[in-house]
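The values are calculated or read from the model by the stated rules, or taken from the named source; none is laboratory data. Keep in mind the model is a prediction, meaning the values are calculated, not measured. Cβ: placed from backbone, ideal geometry, glycine included. Neighbour counts: every protein chain shown. In case anyone asks, the SASA skips ligands and DNA or RNA and just uses the protein heavy atoms, side chains included. Shrake-Rupley method; radii C 1.70, N 1.55, O 1.52, S 1.80 Å.
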Amino acid sequence: MSETLSALRAARLVPVVVLDDARDAAPLAAALVAGGLPVAEVTFRTPAAADSIRAMADRGDMVVGAGTVLTSQQVDRAVEAGASYVVSPGLSRAVVERCHDHGVLALPGAVTATEIQAALELGLTAVKFFPAGTSGGAPAIAALAAPFGDLSFVPTGGIGPKNLHDYLAIPAVAAVGGSWMVPRDRVHAGDFAQITRLTSEAVALASEAESTTAKASV
């Protein structure tokens, strides 16, 4: 689990993917890898999710997770398909415990001090901060990071190129989730070259944000 979190921290960006057709999974994975981002969170919002995760995970060169996981049964399906981490919009004991049973990283949503303490009591070291944009954004994470110094955050929701730096500048933020580099309409259109371009731009922007933050801390 710690290795998976380290991989997400190294990537700094997590593309949040919605796939309506599992046949799009392989070319999308190739586009992400070509763009320099071998990471994906495939949401369980469509029937194609499990097969899409399997197609991506079978490549062997990506960190693939399942998103919008609401039940322990979905955890089972996601892990069987090859997911190495599981993301939930909220904090579910059943989901977290099933992730622990499988030995995969759980990233439940938590945006309040009470929810974070509950996550810590379940043995978690990282949470998804969702929906970030309407839950106080980067300032809220910075404030919560003070009393919960050993916790990592993966904010998602309302984040894009214009405010990415605000989140990556916070040391407690392991990675940022977003969908701007994997727009659903481009996937539907089969425009994977555009997705590669958007991914490359996102990676460059994240690197620029990292560099700016490093210079500011000197």
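Just a few scattered comments:
- The sole residue among Val95, Val79 that is hydrophobic (A, V, I, L, M, F, W, C), more than 20 Å from Thr156 (Cβ to Cβ) and free of Cβ contacts under 8 Å to residues at least 40 places away in the same chain is Val79.
- Only residues that are outside any loop (DSSP other than H, G, I, E, B) and either within 24 Å of Ala34 (Cβ to Cβ) or open to solvent by 10 Å² or more (accessible area, probe 1.4 Å) (or both) were counted across the stretch 168-187, and they come to 8.
- Of the residues making up the stretch 71-120, those that are of a type outside the set (A, V, I, L, M, F, W, C), assigned to a loop (DSSP other than H, G, I, E, B) and closer than 19 Å to Ala132 by Cα number 6.
- Any pair with Cβ under 7 angstrom, 6 or more apart, that starts in the stretch 25-36 at a residue that is free of Cβ contacts under 8 Å to residues at least 60 places away in the same chain and ends at one that is surrounded by fewer than 16 Cβ atoms within 10 Å (Cβ to Cβ) and basic (Lys, Arg): Ala29/Arg59
- Selected residue (criterion: least open to solvent (accessible area, probe 1.4 Å)) from residues of the stretch 100-125 that are β-branched (Val, Ile, Thr) and in contact (Cβ under 8 Å) with a residue 40 or more places away in the chain: Val104
- Pairs with Cβ under 8 Å, 6+ apart, first in the stretch 131-144 and without any contact (Cβ under 8 Å) to a residue 40 or more places away in the chain, second open to solvent by 40 Å² or more (accessible area, probe 1.4 Å) and among the hydroxyl-bearing types (Ser, Thr, Tyr): none
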